[in-house]
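The values are calculated or read from the model by the stated rules, or taken from the named source; none is laboratory data. The shown structure was predicted, so the numbers you read here are calculated from the model rather than taken from an experiment. Note that each Cβ is placed from the backbone with ideal geometry, even for glycine, and that neighbours are counted across all protein chains shown.
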Amino acid sequence: MAAEIATAAARLEKSRTFVHLLTRLAELPPAVVTAIAGGELAAAGPFVDVIRQLAMGTAVVRQQRRFAKLASWYHVGRISSVAEAYVIVDGGGKQSFVPRSLAHSVWRERIGECLAVMNGPVDEREMIVRAAPGIELETETGSYSPFARPEGGFQSVSAADLAYLRGIPRQLQITIPITIER
Amino acid sequence: MTSPTWQVRVATEKDRALLTRFRCANKEPWEREVEFQIQKRLLDWALAEGAAADDPTVLLVFDVPSRALVGVAAHERQFLGTNALDRVPATKIHLAAISNKWQGKKFSNGDQVSHVLMNAVLTDIATRVPPRDPRVFAIVHEHNTRSRALCKRFGLVKELQRVNPSYLILVTEHHPVK
């Protein structure tokens with residue numbers, strides 16, 4: 001199983017999306033990269049699109065039958081409740097109680113923040129629990145969807161482009177006669 | 001000229017289940033984005049209250065012999081501008097997708113599937129009542145080479161300044177006013 005996971009991870013790390021992420025991270029100061037990689041930033045900011053693409057690619061791999069067993073080893077969700085000694089993570093119809101100190105160690109202990117918990121069973125009586133900071137991908141801040149209707153009722157373009165668009169549009173290139181049934 | 005072996009019609013609420021089953025994505029993230037939109041969002045996008053002002057339309061292309069849903073495309077009225085007052089009317093091709101089984105294929109009468117789909121969109125825009133501006137644009141992922149080639153073939157050749165680093169805005173060619 002470990003070898004299969006490593007192979008799948010290596011394949012993802014060779015993907016164009018991952019290489020793109022590395023290229024963009026390389027443009028930042030090391031301290032900022034360390035903060036992002038360590039989870040100090042709760043949202044992906046300008047990286048939200050590339051990280052979302054990477055997450056989608058990872059999800060496809062994770063859902064493969066050969067990795068089905070992994071599903072019981074991790075839980076990803078949002079913090080729904082905070083107590084003195086623990087936080088409750090809700091996600092995918094499941095709840096996890098996570099020691100507050102673990103959540104604190106990865107900068108996630110406020111309601112609504114994303115947190116992942118990985119359970120590594122040692123034997124029937126022992127388990128290693130590891131917390132990992134989740135990154136917010138559903139925020140509108142910094143995110144972009146080519147399918148969203150633009151705010152303000154117009155797609156923003158530069159002044160130079162608008163000047164170009166004030167010209168005469170070339171006739172549409174219709175090459176096959178089409179009848180559309182309504 | 002052989003008679004068409006395809007059919008194009010406007011989607012309605014009754015097509016929701018059909019669209020849910022539509023598969024067009026392989027491994028690329030931008031393909032999955034489009035598939036997700038078609039399966040989960042497209043009819044709500046077109047039929048939502050308040051959307052009518054943008055005149056959104058979803059077109060479905062079928063193979064007549066097999067009755068298979070081959071392609072899906074959508075478009076709507078939008079504006080391009082620098083602000084709400086300084087803008088020009090346009091039509092956005094919201095999406096265009098061909099089912100996995102039909103990608104790169106021809107209908108039995110020889111028509112290329114992608115060409116029928118694009119012609120359907122452009123015909124619908126051109127014959128719209130009230131008329132739509134022939135200024136047509138699409139937003140395409142920069143690595144989506146097939147869609148970029150298809151846009152170019154159908155006249156969306158001018159690239160505008162990007163609003164997102166990963167996506168191109170491609171628009172029909174314009175000639176300066178003399």
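Odds and ends about this structure:
- Residue in segment A:5-25 that is exposed (fewer than 14 other Cβ atoms within 10 Å of the Cβ), modelled with pLDDT under 85 and more than 14 Å from chain B (Cβ to nearest Cβ) present: no
- Residue within segment B:22-29 that is at the interface with chain A (Cβ under 9 Å from one of its Cβ atoms), under 16 Å from the mean Cα position of the chain (by Cα), surrounded by fewer than 21 Cβ atoms within 10 Å (Cβ to Cβ) and farther than 24 Å from B:V136 by Cβ present: no
- Looking only at residues of segment B:90-116 that are facing another protein chain (nearest Cβ under 10 Å) and under 19 Å from B:V171 (Cβ atoms), we find that the one that is surrounded by the fewest Cβ atoms within 10 Å (Cβ to Cβ) is B:A90.
- Being outside any loop (DSSP other than H, G, I, E, B), within 13 Å of another protein chain (Cβ to nearest Cβ), in contact with an Asp or Glu (Cβ under 8 Å, 6 or more places away or on another chain) and of a type outside the set (S, T, Y) holds for only one residue in B:R41, B:R32, B:R9, and it is B:R9.
- Candidate set: segment B:52-84, residues that are modelled with pLDDT of 95 or more and small (G, A, S); chosen: the one nearest to A:L162 (Cα to Cα): B:A74
- Taking the criterion of being more than 10 Å from the chain's Cα centre (by Cα), under 20 Å from B:T123 (Cα atoms) and more than 8 Å from every other protein chain (Cβ to nearest Cβ), the residues of segment B:62-82 that qualify are B:F62, B:D63, B:V64, B:L69, B:V70, B:R77.
- Pairs, first farther than 15 Å from A:Q63 by Cα in segment A:5-20, second in a helix (DSSP H, G or I) and among the hydrophobic types (A, V, I, L, M, F, W, C), C-beta under 7 Å, six or more apart: A:T17/A:V50; A:T17/A:L54; A:F18/A:L12; A:F18/A:L54; A:H20/A:V50
- Unique match (being modelled with pLDDT of 75 or more and not in a loop (DSSP other than H, G, I, E, B)) among A:I111, A:I79: A:I79
- Single condition B:R132 does not satisfy, out of (1) without any contact (Cβ under 8 Å) to a residue 60 or more places away in the chain; (2) touching a helix residue (DSSP H, G or I) at 6+ places or on another chain (Cβ under 7 Å); (3) outside any strand (DSSP E or B); (4) more than 8 Å from chain A (Cβ to nearest Cβ): (1)
- Of residues in segment A:53-66 being facing chain B (nearest Cβ under 8 Å) and not aliphatic (A, V, I, L, M), the one nearest to A:E136 (Cα to Cα): A:Q53
- Checking each residue in segment B:124-165 for being among the hydroxyl-bearing types (S, T, Y) and buried (at least 19 other Cβ atoms within 10 Å of the Cβ) picks out only B:S147.
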